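> One structure is given below, represented as structure tokens, and several questions about it will come after.
The values are calculated or read from the model by the stated rules, or taken from the named source; none is laboratory data. Every value quoted in this text rests on a predicted model; they were computed, and no experiment measured them. Because the Cβ atoms are built from the backbone with ideal geometry, glycine has one as well, and the counts that use them run over all protein chains shown.
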Amino acid sequence: MRPRAAMPGVALLATVAFDVCAADARSAQSMTIVRNGERASVIGAPQNFVGHARIDPLFAVPAPSNVSAGYVTFEPGARSMWHTHPLGQMLVVTMGTGWVQQEGAQKQVIKPGDVIWTPPGVKHWHGATSTTSVTHMAIQEALDGKNVQWLEPVTEAQFGASL
């Protein structure tokens, strides 16, 4: 499917996450399968990302769960804004090489198979390196309907700082 245009004011995976169950099936006691290719990709909104980022939603399960997940692919030089998650976030790197940085710490290289846990409220960013793309699965829970708090952009100086 063709990616949709970026949507202003969208939280990462909050509006792009795919609800795996239809409203009338939420109380059903049976499994639901959403087939690969049934979920549209979304271009990361420029107020949340620098450069080109594509979000491929995986799921947002119905209540009482508050978990959502999706693949995020960053092209070279692309990254998220600084942000926090009210209940933390787990990243699983699946392809490429990227960078992740917690505020006040040195940025670190991330590669396929790496798993990054960011605790609740920890300010951080993640994305591609300046020359390579990276894809990771992002898994997070929402608190009061919100799974991310977007902050300021990662500056070119911060992004380009040596390891």
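> Report the residue count in the stretch 123-158 for those that are of a type outside the set (S, T, N, Q) and more than 18 Å from the chain's Cα centre (by Cα).
Going through the stretch 123-158, the residues of a type outside the set (S, T, N, Q) turn out to be 123-128, 134, 136-139, 141-146, 148, 150-154, 156-157.
Next, from what is left, pick out any that are more than 18 Å from the chain's Cα centre (by Cα): 144, 156-157.
Of the residues in the stretch 123-158, 3 are of a type outside the set (S, T, N, Q) and more than 18 Å from the chain's Cα centre (by Cα).
> Quick one: count up the residues across the stretch 59-80 that are surrounded by fewer than 20 Cβ atoms within 10 Å (Cβ to Cβ) and among the aliphatic types (A, V, I, L, M).
4
> Another question about this same structure. Given the criteria part of a loop (DSSP other than H, G, I, E, B), polar (S, T, N, Q) and either modelled with pLDDT under 95 or closer than 19 Å to Phe49 by Cβ (or both), does Thr131 qualify?
yes
> For the stretch 35-66, give me each residue that is of a type in the set (A, V, I, L, M), modelled with pLDDT under 95 and in contact with a strand residue (DSSP E or B) (Cβ under 7 Å, 6 or more places away or on another chain).
Ala40, Leu58, Ala60, Val61
> Okay, next question. Being part of a loop (DSSP other than H, G, I, E, B), modelled with pLDDT of 95 or more and either within 15 Å of Glu152 (Cα to Cα) or more than 13 Å from the chain's Cα centre (by Cα) (or both) is the requirement here; does Pro120 meet it?
Yes: the conditions hold for Pro120.
> Turning to a different aspect of this structure: Can you pull out every residue in the stretch 82-119 that is β-branched (Val, Ile, Thr) and free of Cβ contacts under 8 Å to residues at least 60 places away in the same chain?
Those that are β-branched (Val, Ile, Thr) and free of Cβ contacts under 8 Å to residues at least 60 places away in the same chain: Val92, Val93, Thr94, Thr97, Val100, Val109, Ile110, Val115, Ile116, Thr118.
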